[in-house]
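Following: one structure in structure tokens, then a few remarks.
The values are calculated or read from the model by the stated rules, or taken from the named source; none is laboratory data. Remember, it's a predicted structure, so these values are computed and weren't measured experimentally. Note that each Cβ is placed from the backbone with ideal geometry, even for glycine, and that neighbours are counted across all protein chains shown.
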Amino acid sequence: MDSEQTPGVYPGLGLPIEYDNTDRPDRISRGDYYPIGARGEGSGAGTTYDILPVREVAMMLVMDRLTDKPNWHKKIFDDEITAKWRAEALAWPDDDLWSRATRGKSSGRFWGQEAGDETGEQREIENILNDECFDFVLGELRKKAEYFEKTRLIPTLDVGPAVVKSDTLVPPDLHEEIRKAFDTLRQDQSANPDWHPGTNEQVRNLIHPSMYPLVYNVTKAIQDEVVGVDDAITKWSGKGEIITGEIKEEAPPQSYSSIMYGNRGARGTWSHRFQWLPSNLHFNEDGSVRFTSYINGLHPEKYTQIYRTLERLVDKAIPAWDQCVCEVQGYEFQAKGRSESRIELGNYCDTEENNWSPNAPPPAEFIASFDKTQIEDFEELLEDEDEEQIAEEVWKHIRKPVQPAPKPHDFDSINYTPDPSTTLFAKYRATGLQIIVKMASIELSPENDSKADSAEFPLGSWHVEGQMNERIVGTALFYSDCENITDSSLEFRAQTAGTYLHDSMESVGQDSYHWMQSIFGTQLGSGNAPGIQNWGDVETKQGRLLAFPNIFQHRVRPFQLRDPTKPGYRRFVALWLVDPSTRIISTANVPPQRQDWWIESILGQTIKPGEPTSLDAQEQSSSPKDEMAPESTTTDPNLQAVHDLEIKAPFLAKTLREKLPAELFFDVSKRLADTKSLPMSEEEAKGYRLELMKARSMAKQEIEDTWQSNTYSFCEH
């Protein structure tokens, strides 16, 4: 185990909420930790990476699309087939490639565009892809095909950080189990579906961590990890002490890396009000996992088969996380596979003649025939400058940037296989993992449906997962079903190191960054653009497992009904991996907070949708006679508790008296008489969810502002 965190203490329970594992004294020199995109810009935070040429983004997109083809891993060795693929790749329009590499990262105050503009900067390069690029693509994919044969994993959009995809990792029998899980939960929740707020009843939550989260000063927790799965409700529901989030012992010293590089993240990315609750998982001897604490939102007794199904899905996600969720060591991202750019970059300066075509000022006869109206104030230039200077100005106007070529490469030198000592099983076998689970269905309705704009799912917003409290380091998504919807994808981008860029750029002279602007597709001068690098997008097709580190911002591309007269849907499971080196408060500490689960366990019967389960509902059923009942004069605490409960919830009191033995009835009455001891009602949970969503929207905007404010500037370089 890599973590030295004291057992029984957690951020927010014995440690400061903003405790960071880089605060450990032994990590100050080593600097090894899992990077999180919410931490913000800083060369030591492990969340900023080199800016990429547009050509390289285009090459990654081509490789991603080719690996979507059936049996690509075999066909890539067929010269006749790859000749057709070459033609397809080289026919990809420059404008579309340029847009994908540059869109969505402009800022209105810099480029005169709306924030998040989809077009990007004006394109100045041509023939983004050529035969030399495809030769490189072919060599790399043949290497990846060998890796895929062994693992069923495809690293894609990979240059340091990577996305991992697989359409075959989840076997058909597990896929069918996941489908059945969706069908079961949808059916059981059909009378009271949970439509996510603000989604126009398009996103239906089946399991969502924003319902019944940890709420500081409300939620009860137990210091030790004692809450399991089978006994979670019957043994532990309602127990524990209210957690305040206050520091109960002296905070550890802030680490050097946190002070120098801002690893903690912006203040607004932390919450002192809420935290999603992960579930704990134990590693079995064979490397498979089992839940040792309940999943927040999934009844642990009714849905034992769904628990087993989700365990199997986690088993499949772990190798994908091993591939893409990498630590920072010595302030370097420890990538598995490709860690450097595919493009050979030489002298970045405008004064390098070989960066341009033509590579020298034109002869006098060209200038004589040149359309002088193309250059502003050309007549004044003729008066004030000599012939050499005039030729220089004309050259600057007519020249085109020459794109750098792919590097010569020995593809056998790239090792995609993770070091066995770095896998999650090897490092955290003793302590296990913590994972947050979500199951959701995006449901689109025909155009004639009463809901407006229900036939199309809009473009999502850029975001990283969770707030810093959850310490999410990796995501795995499994797309179970896509029915009657157009193709959709998930788009990725990351931060660059802003002003620092590449070390080799230090030689770029004053205002000599124009070639770089064209090659990288971004603004570097006085109208500087944010240090954001588009990585590309990956299709989210049915049956696909998609995994990626939480250093990326990502967003859903829009999709709509294929046949607008019929409904459609997309169903998926999201698994979020908590930083395994920093254990956080989980469902092993927090007993189930759902009031309906607790009442069901007490009454020994299922509460059907629509039946009253909260004290508020019970109060509404009280008769005027009950409400006017005289105050009790008894001194017996048991009878006093019963009296108080009968006043507050007569129906519940009557039912409990009929169902329970006297001793247990008195005990339950005491607990229920104090409304603060009751688990959380659905109404309360939905209220907290709205509060949580509002806070997270503000945190998301703060992260976006941080990313946008990390700008390039070569105007005074």
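For residues that are hydroxyl-bearing (S, T, Y) and either modelled with pLDDT under 65 or part of a loop (DSSP other than H, G, I, E, B) (or both), tally how many sit in the stretch 646-686. It would help to see each step written out before you state the result.
If we filter the stretch 646-686 for residues that are hydroxyl-bearing (S, T, Y), which is where we start, we get 655, 669, 675, 677, 681.
Of the ones still in play, those that are also either modelled with pLDDT under 65 or part of a loop (DSSP other than H, G, I, E, B) (or both) are 675, 677, 681.
So the count comes out to 3.
Do the conditions hold for V159, that is, is it in a loop (DSSP other than H, G, I, E, B) and either modelled with pLDDT under 95 or under 27 Å from Y49 (Cα atoms) (or both)?
Numbers: in a loop (DSSP other than H, G, I, E, B): yes; either modelled with pLDDT under 95 or under 27 Å from Y49 (Cα atoms) (or both): yes.
Yes.
For the stretch 271-295, which residues satisfy the criterion of being in contact with a helix residue (DSSP H, G or I) (Cβ under 8 Å, 6 or more places away or on another chain) and of a type outside the set (S, T, Y)?
From the stretch 271-295, those in contact with a helix residue (DSSP H, G or I) (Cβ under 8 Å, 6 or more places away or on another chain) are 271, 273-276, 278, 281, 283, 287-291, 293-295; that's our starting set.
Matches in the stretch 271-295: R273, F274, Q275, W276, P278, L281, F283, G287, V289, R290, F291, I295.
Can you pull out every residue in the stretch 193-238 that is among the β-branched types (V, I, T) and either over 25 Å from I602 (Cβ atoms) or surrounded by 22 or more Cβ atoms within 10 Å (Cβ to Cβ) (or both)?
Within the stretch 193-238, the subset among the β-branched types (V, I, T) is 199, 203, 207, 215, 218-219, 222, 226-227, 229, 233-234.
T199, V203, I207, T219, V227, I233 - these are the residues of the stretch 193-238 that are among the β-branched types (V, I, T) and either over 25 Å from I602 (Cβ atoms) or surrounded by 22 or more Cβ atoms within 10 Å (Cβ to Cβ) (or both).
Which members of the stretch 461-470 meet the condition of being touching a strand residue (DSSP E or B) at 6+ places or on another chain (Cβ under 7 Å) and within 11 Å of T269 (Cβ to Cβ)? Break it down stepwise before answering.
So the first thing to find is which residues in the stretch 461-470 are touching a strand residue (DSSP E or B) at 6+ places or on another chain (Cβ under 7 Å), and the list is 461-466, 469-470.
Scanning the stretch 461-470 gives V464, G466, N469, E470.
Name, by its number, the condition in (1) part of a helix (DSSP H, G or I); (2) at pLDDT below 85 that does not hold for S697.
With respect to (1) part of a helix (DSSP H, G or I); (2) at pLDDT below 85, S697 is out only on (2).
Quick check, is N217 part of a loop (DSSP other than H, G, I, E, B) and closer than 22 Å to Y479 by Cα?
Details: part of a loop (DSSP other than H, G, I, E, B): yes; closer than 22 Å to Y479 by Cα: no.
Spelling it out, it is not the case that N217 is part of a loop (DSSP other than H, G, I, E, B) and closer than 22 Å to Y479 by Cα.
What about R186, is it closer than 30 Å to K75 by Cα and surrounded by fewer than 18 Cβ atoms within 10 Å (Cβ to Cβ)? Give the derivation first.
Numbers: closer than 30 Å to K75 by Cα: no; surrounded by fewer than 18 Cβ atoms within 10 Å (Cβ to Cβ): yes.
Judged against the criteria, R186 is not a match.
Condition first: aliphatic (A, V, I, L, M) and modelled with pLDDT of 95 or more. Can you find one or more residues in the stretch 102-123 that meet it? Walk me through how you get there before you give the answer.
Quick first cut of the stretch 102-123, residues aliphatic (A, V, I, L, M) only: 115.
In the following step, the residues that additionally are modelled with pLDDT of 95 or more were identified as none.
Checked against the condition, which is being aliphatic (A, V, I, L, M) and modelled with pLDDT of 95 or more, the stretch 102-123 yields no hits at all.
Could you check the stretch 476-492 and list, in sequence order, the residues that are of a type in the set (D, E), over 21 Å from N550 (Cβ atoms) and assigned to a strand (DSSP E or B)?
Result: D481, E483.
Results for (1) surrounded by 14 or more Cβ atoms within 10 Å (Cβ to Cβ); (2) within 30 Å of N354 (Cα to Cα); (3) over 32 Å from the mean Cα position of the chain (by Cα), shown as yes or no for each residue.
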{"site": "Q403", "(1), (2), (3)": "yes, yes, yes"}
{"site": "D410", "(1), (2), (3)": "no, yes, yes"}
{"site": "K427", "(1), (2), (3)": "yes, no, no"}
{"site": "M439", "(1), (2), (3)": "yes, no, no"}
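Hey, which of the helices (runs of 4 or more DSSP H) in the stretch 348-448, taking only ones fully inside, have at least 3 residues that are modelled with pLDDT under 85? Please lay out each step first, then the result.
On the way: elements: 364-369, 378-384, 387-398, 424-428.
Qualifying helices (runs of 4 or more DSSP H): 364-369, 378-384, 387-398.
Restricting to the stretch 159-200, give me the number of residues that are within 23 Å of G460 (Cα to Cα) and not hydroxyl-bearing (S, T, Y).
12
Please enumerate the residues belonging to the stretch 153-181 that are more than 29 Å from L138 (Cβ to Cβ) and crowded, with 21+ Cβ neighbours inside 10 Å. I'd like the intermediate steps shown before the answer.
The first filter runs over the stretch 153-181 and keeps only residues more than 29 Å from L138 (Cβ to Cβ), leaving 171-181.
Within the stretch 153-181, I178, A181 qualify.
List the number of the failed condition for E56; all other conditions in (1) at pLDDT 65 or above; (2) assigned to a loop (DSSP other than H, G, I, E, B); (3) of a type in the set (D, E, K, R) hold.
It fails just one condition, (2).
So, restricting to strands (runs of 3 or more DSSP E) that lie completely within the stretch 504-589, which ones have at least 2 residues that are touching a His at 6+ places or on another chain (Cβ under 8 Å) and touching a residue at least 60 places away in the same chain (Cβ under 8 Å)?
Details: elements: 532-539, 545-549, 553-556, 568-578.
Filter on the stretch 504-589 gives 553-556.
Here are some conditions: (1) at pLDDT below 95; (2) surrounded by 17 or more Cβ atoms within 10 Å (Cβ to Cβ); (3) out of contact with any strand residue (DSSP E or B) (no Cβ under 8 Å at 6 or more places or on another chain). T582 meets all but one. Which one does it not meet?
(3)
Might you check whether a residue that is under 47 Å from the mean Cα position of the chain (by Cα), hydroxyl-bearing (S, T, Y), closer than 30 Å to Q523 by Cα and modelled with pLDDT of 70 or more occurs anywhere in the stretch 701-709?
Residues of the stretch 701-709 under 47 Å from the mean Cα position of the chain (by Cα): 701-709.
Cutting the leftovers down to hydroxyl-bearing (S, T, Y) gives us 706, 709.
Of the ones still in play, those that are also closer than 30 Å to Q523 by Cα are 706, 709.
Adding the requirement that they be modelled with pLDDT of 70 or more leaves 706, 709.
The answer is yes; a qualifying residue exists.
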